[in-house]
1. Using the structure shown, decide if B:R283 is basic (K, R) and within 22 Å of A:R65 (Cβ to Cβ).
2. Being of a type outside the set (A, V, I, L, M, F, W, C), out of contact with any Asp or Glu (no Cβ under 8 Å at 6 or more places or on another chain) and surrounded by fewer than 17 Cβ atoms within 10 Å (Cβ to Cβ) is the filter here; which residues of the stretch B:172-208 pass it?
3. Check whether at least one residue in the stretch B:12-26 is farther than 16 Å from B:S267 by Cβ, of a type in the set (D, E, K, R) and away from chain A (no Cβ under 14 Å), and report yes or no.
4. Residues that are touching a His at 6+ places or on another chain (Cβ under 9 Å): find the strands (runs of 3 or more DSSP E) completely inside the stretch B:61-114 holding 1 or more of those.
5. For the subset of the stretch A:63-87 comprising residues that are away from chain B (no Cβ under 14 Å) and among the basic types (K, R), which member is farthest from B:G311 (Cα to Cα)?
6. Condition first: of a type outside the set (D, E, K, R), under 19 Å from A:S88 (Cβ atoms) and within 14 Å of chain B (Cβ to nearest Cβ). Now tell me which residues in the stretch A:33-54 satisfy that.
7. Name the pairs whose Cβ atoms lie under 6 Å apart, with the first residue in the stretch A:461-479 and assigned by TED's automatic domain parsing to the domain that holds A:I403 and under 21 Å from A:V319 (Cβ atoms), the second among the aromatic types (F, W, Y) and outside any loop (DSSP other than H, G, I, E, B), and 6 or more positions between them or separate chains?
8. Residue under question is A:E113, and the condition is that it be crowded, with 22+ Cβ neighbours inside 10 Å and acidic (D, E); does it hold?
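The values are calculated or read from the model by the stated rules, or taken from the named source; none is laboratory data. Since the model is a prediction, treat every value here as computed from it, not as a measurement. Every residue, glycine among them, receives a Cβ derived from its backbone with ideal geometry; neighbour counts consider all protein chains shown.
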Amino acid sequence: MVSIDTELVIHLMNRAGFGITPDELDSCTGIAYEDLVENLLGSKESSHIPDDVIFRDHVDLHASRSGVPAYWAYRMISTKSPLEEKMSLFWHGIFATGNSKLNNLRSLLNQIEMFRRSGTGKFDDLLLELSQDPAMLIWLDNQDNLNESINENYGREILELFSMGVGNYTEDDIKECARAFTGWSVANSEYMSLMAQKDSIWPYGRIVWHYDFKPGIHDVDTKEFLGEQGPFNGDDVIRIICSQKATARFIARHMYNFFVADEVPVPQWKDTPPRDPAAIDTLVEAYFEYDHDIKSVLRVLLTSNFFKESRYQKIKSPVELVIGTLRLSGEYNDDSKVDSSIFGVIAESDYMGQALCNPPSVEGWHTGEEWISSGALVDRVNFASQHIGNPDNDGVKHIVDRIRTDLRDDAHTVGELIESCGNSVGITRISEDTTEGVLDLFSQEEVQVKGKDAKIPIEDDTILRVLEFMVSSREYQLC
Amino acid sequence: MKTVKTIGINSNQPVGRGFNFPYDIAIKEDLGKSRTIYLLNRSNSATRMGTRIQYFTYEEDWIGEFGNPLEDDEAKFTRPVTLAFDNSDQLHVTDEATDEIKIFNSEGKFQRSIKLDSDSQGNGDRFGPAGIAIDSGDFIYVSSRYLNLIQKLTPEGRVVKEWGGTGGGPGEFSMPWGMDVDSQGDLYVADWRNDRIQKFDSEGIFLKTYGESGRGVGQFHRPSSVAVDTNLNVAVADWGNERVQILDNEGSVINVLEGEATLSKWSHEWLDVNLDEREARNRADLKVLDLPDHLKNAYHEASQTEHKFWGPVSVKFDSENQLYVTEHSRHRIQVFEPAS
């Protein structure tokens, strides 16, 4: 049986990262769990595929339609700071901005880099950066939000989807919030929004946007917002929003949903209580105790008992499944592996229902069980078995070598082989169904009679078949 | 140097005029009469549809294209990098994915290819031909990005000299890229990941190094291309710093160019039939650079304006010492001439 400590490390890396390879697991030996959490929270290490090499080989990854998701995939596959990428993914799911309307992926990539830079800082600062992020401003039409004629889109969504959630403010608050954000725009907004609407690349490609405050169209009059009164600007509104208990609860529930256990979709939160109200209370407390600092809330979450006890209560998102599988398979384990295959693999996440940089709406993706449709499940199983079942992949070759070496003395039982293969791909609790399924792979009479206690020679082909079966199992869909 | 003109327009179509992530050019001159520019489009790296060579006059009169993925296997490209003409107007194109140099005549008809041999290292690794330069005797120099070496080949492709190795010392390389040969026959190599230019004689004897890592004047960040004019001045595409630096042959910086693009002939033609964009564009100020602190660097300034270089990947001189700077992310060529 795998030790509790090992199981906990695998759990932590599944949630705060994209899984863990057997070698990475070895390197965690002897490190206290709390220290592992601190390492994850503090890590700003670079990736093994540097940006300059990526851009030399894929010159279009700066800006092209298929390029930015592929670039982000490289980052997630190769990063040595997986929590940084995971937090970027977390915020991308909440502050969901889509290129389908922007037609300016470099601007959207700047937003994702902002999540990477500020995603674990004070929530007030993140919300301020978001409110000045050109991709968000164009996405929600704030360039058309003028003192003479307000556009409520951003004012509404910052309250409904980005901070407090439905039911915690009034329609008047939305209008007053929108007034505070009048004039928060992008430079050359008329030309830039026209190019976005027309998907124009002429004459010299897309010009990336930058924030521009236009005092001439900003409403300087007094506003009344969430019970406070003053000549509020967007900064003031953000300060008021971030001091609300509803904001703390909303962000806490999102963090619980992303890191701990699947919740119902966000539109149902108004009427459905949290799955674990005490856990949400703990995170809300941390939000205020640590002055809205997201990293501190994360620390509380990752070291809590409710987190440690939440194994296998989440369905991997398509991106988690794809990136985790590729990190295991080692297909991009050094910078000479940079090639156009990356576009195909990240497109698999699209087919499974999660197209990076193109969420289905401003509401983001519905998670949990909604990731699993019959078509998506087939895609997920095929993807994982295709990549982990390929002995030419460096990571797979290495896993097979490790298992063969570990089990080399005499003949080992099928049960030991199953456990070893399961652990190698991050599965620590193997169900009876999966065990039965593996046993069916073997035609030997002894296996049919003795089941997992049967002794068999451990050969590469055998290991590979069991690995492939493991990543096709129900357990591999969960984390 | 002063700005002369800008050539090109963006296009995401797999055929026809307009550039899509151009990577290098070669100039064929009929002295005193005309200049024809051959431009390599890297295009979309997901599908490679549109990876091809287009050729057109200096005056932006479109002539044609070749090497399209729809063409015969032997003529099409996978990951082409650089171009050079030999003395018989045969265009040589490196392809680092297929480890070969493809050779075309000036009408774009495929002639033959030279397969680069990585076995000289005894390990069968990929060669990855990146830069190419051809001297007055038609000897071909090619840089290997994976093996970190330079090979000197006969026109038929026989290796006559090879030097280099992985490292940062004199004569060693880290992912070398563009190259040029000067009128004395000396070779200049953009030693990309060592952030420097190295100069060798035609036998591979190390002569000197230009530049060092950094963002300051005279320093480079990932230089991708080098070109030498008839006065032996050295132009460097300082790719990672979004600029071009011109040095004298001793290494003193003469000029730093950041780009000053104007509207090309093709751009004017496009705007003439898209009046809404022309009018909105006329009301905009595309040179404003009031960026937040975290965006105050060369990359973001380049991406958020239009006149500055964004991705200056290649530099080439013509016989009159006009400098052509190809920008992959702005899909155009900016042309400069020596200040009088």
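1. no
2. Scanning the stretch B:172-208 gives B:S183, B:Q184, B:E203, B:K208.
3. no
4. B:80-85, B:100-104
5. A:K86
6. If the condition is that a residue be of a type outside the set (D, E, K, R), under 19 Å from A:S88 (Cβ atoms) and within 14 Å of chain B (Cβ to nearest Cβ), then A:I49, A:P50, A:I54 are the ones that fit.
7. The qualifying pairs do not exist here.
8. no
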